Amino acid sequence: IAGITQAPTSQILAAGRRMTLRCTQDMRHNAMYWYRQDLGLGLRLIHYSNTAGTTGKGEVPDGYSVSRANTDDFPLTLASAVPSQTSVYFCASSVKTGSNTGELFFGEGSRLTVL
Amino acid sequence: GDSVTQMEGPVTLSEEAFLTINCTYTATGYPSLFWYVQYPGEGLQLLLKATKADDKGSNKGFEATYRKETTSFHLEKGSVQVSDSAVYFCALSDGVGTGGFKTIFGAGTRLFVKA
C-alpha cells in the first residue's frame, strides 16, 4: 500500500545520544513535514521541505535537523537528545507546495522516549 | 500569527447522540480549513475540508461549514457510533507570510462513544 513509512515505531534513548528518525514516502509528493505531538498541544511543526534540496524551520525547530537529498526521504535528526524531546513524531507529505488546499498524508508515528 | 482553538475534551457521548466539536481560528490570509481524525495507534487522516467561505465539507456523516464571519469551522454529526471514538483535530492551511504553505493544528479533542 502506498504511503509514508516511518522507523523506528518506538525507541527509548539515553539523554545526550544522537538519534535519526527515518521517513520514506512512495507517493512522489513534493512537500514533506515533521510534526511532534504532545498532549494538550496538538501537532507542532518542527521542519518542512517544499521540494528536494530545500528545507525550512517550523514552529519548534531547536534541537532538530533535517535533510532532503531526494524526493522520497526526509530524515529527522536529534543531535543530542534531551528529555523534553520525548514525544510522538509524525512525518507527513502533501502534493502541492504552492497551494493551501491540499491535504496532508501522515505516517503512523515514531514514539520517542528520552531518559 | 495564525492559530486554531478547539474545545477541550474528552467528550463522552452515547451511541446515536448528536456531536458538535467547536473550532475557531485566526488567520492573516484566506486559509483552507480541515478536520483530521486520529484513531488509536494510527497517524492522522483527513476527514473533511473546506477551501473558501460558506463551503461545507462532509464525509462519513460528519459535516463542517466554513464561517468567515465567525471564523469558525465546527464539526457535527447527527448520530455517532462507537467506531467514531478517536481524536479530532481542526486545522488550517495558510500561505501568507514567509515559508510557504503550512498547516497549523488545534490541540485535538478526544471523543469517546459508549454503546
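The numbers here are math on the coordinates, done by the rules we state, and not lab data. Predicted model, so just to flag it, every value in this text is computed and none were measured. Using ideal geometry, Cβ is built from the backbone for each residue, glycine included, and neighbour counts are taken over all protein chains shown.
Say whether the condition of being β-branched (Val, Ile, Thr) and out of contact with any Ser or Thr (no Cβ under 7 Å at 6 or more places or on another chain) is met by at least one residue in the stretch B:41-61. No. Residue count for the stretch B:11-57 under the criterion of being under 30 Å from A:Ser10 (Cβ atoms), in a strand (DSSP E or B) and among the aromatic types (Phe, Trp, Tyr): the result is 3. Being among the polar types (S, T, N, Q), touching a strand residue (DSSP E or B) at 6+ places or on another chain (Cβ under 7 Å) and more than 7 Å from chain A (Cβ to nearest Cβ) holds for only one residue in B:Ser72, B:Ser93, B:Ser79, and it is B:Ser72. When we screen A:Val60, A:Val114, A:Val88, A:Val95 for residues that are more than 8 Å from chain B (Cβ to nearest Cβ), touching a residue at least 60 places away in the same chain (Cβ under 8 Å) and buried (at least 16 other Cβ atoms within 10 Å of the Cβ), the only hit is A:Val114.
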